[in-house]
Amino acid sequence: MRRKVFCRCHFHTFTCSEVKELANGEDVDFTLEAPYPTWKEMLQNIKEKGVADKKHTLNTLPHLGSPLRVLYDDPDGHDRLFRYSESIQEFFNLSAKLDIDFL
């Protein structure tokens with residue numbers, strides 16, 4: 001059985017300076033939530049192409065009826081996703097360099 005994992009990623013421009021696993025409910029700007037098959041498809045797409053194609057970016061996935069959702073308590077937190085989306089997308093694109101075993 002898969003468990004939900006909550007991580008806080010702290011970015012400075014194009015550098016991710018910290019990734020920390022959190023307990024559910026800790027304060028974050030926003031949460032990206034999707035079922036496992038959605039994350040798997042996105043990461044496999046990035047691995048195959050080296051970067052996400054237009055259908056698999058964080059800028060388009062939440063808008064195409066995808067099960068990827070952006071959750072936030074404060075509208076400023078939601079705004080931060082789009083303000084820093086290039087850095088966050090680059091973070092995900094770097095997964096192309098990882099060997100990921102999908103269950």
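Being touching a Cys at 6+ places or on another chain (Cβ under 6 Å), assigned to a helix (DSSP H, G or I) and not polar (S, T, N, Q) is a property that F91 has. When every residue of region 27-50 is checked against the conditions, at least one turns out to be closer than 25 Å to R3 by Cα, basic (K, R), surrounded by fewer than 16 Cβ atoms within 10 Å (Cβ to Cβ) and touching a residue at least 60 places away in the same chain (Cβ under 8 Å). Comparison of R69, R80 shows that the only residue that is farther than 17 Å from S95 by Cα, surrounded by fewer than 15 Cβ atoms within 10 Å (Cβ to Cβ) and of a type in the set (K, R) is R69.
Examine region 72-84 for a residue that is among the charged types (D, E, K, R) and touching a helix residue (DSSP H, G or I) at 6+ places or on another chain (Cβ under 7 Å), and state whether such a residue exists. No, because not a single residue in region 72-84 is among the charged types (D, E, K, R) and touching a helix residue (DSSP H, G or I) at 6+ places or on another chain (Cβ under 7 Å).
Restricting attention to region 84-103, the residues that are charged (D, E, K, R) and farther than 17 Å from S17 by Cβ add up to 3.
Listed here are the strands (runs of 3 or more DSSP E) enclosed by region 1-74 that have at least 2 residues being touching a Gly at 6+ places or on another chain (Cβ under 6 Å), and there are none. When region 55-103 is limited to residues that are under 21 Å from F14 (Cα atoms) and of a type in the set (S, T, Y), the one that is modelled with the highest pLDDT turns out to be S95.
May I ask you to list the residues in region 4-14 that are under 15 Å from the mean Cα position of the chain (by Cα) and either surrounded by fewer than 10 Cβ atoms within 10 Å (Cβ to Cβ) or without any contact (Cβ under 8 Å) to a residue 40 or more places away in the chain (or both)? Within region 4-14, K4, V5, F6, C7, R8, H10 qualify. The combined condition, being out of contact with any Gly (no Cβ under 8 Å at 6 or more places or on another chain), among the hydrophobic types (A, V, I, L, M, F, W, C) and assigned to a loop (DSSP other than H, G, I, E, B), is fulfilled by L103.
The values are calculated or read from the model by the stated rules, or taken from the named source; none is laboratory data. The structure presented is a predicted model; accordingly, all values stated were derived computationally and were not measured. Reconstructed Cβ throughout: ideal geometry from the backbone, glycine too, with neighbour counts over all protein chains shown.
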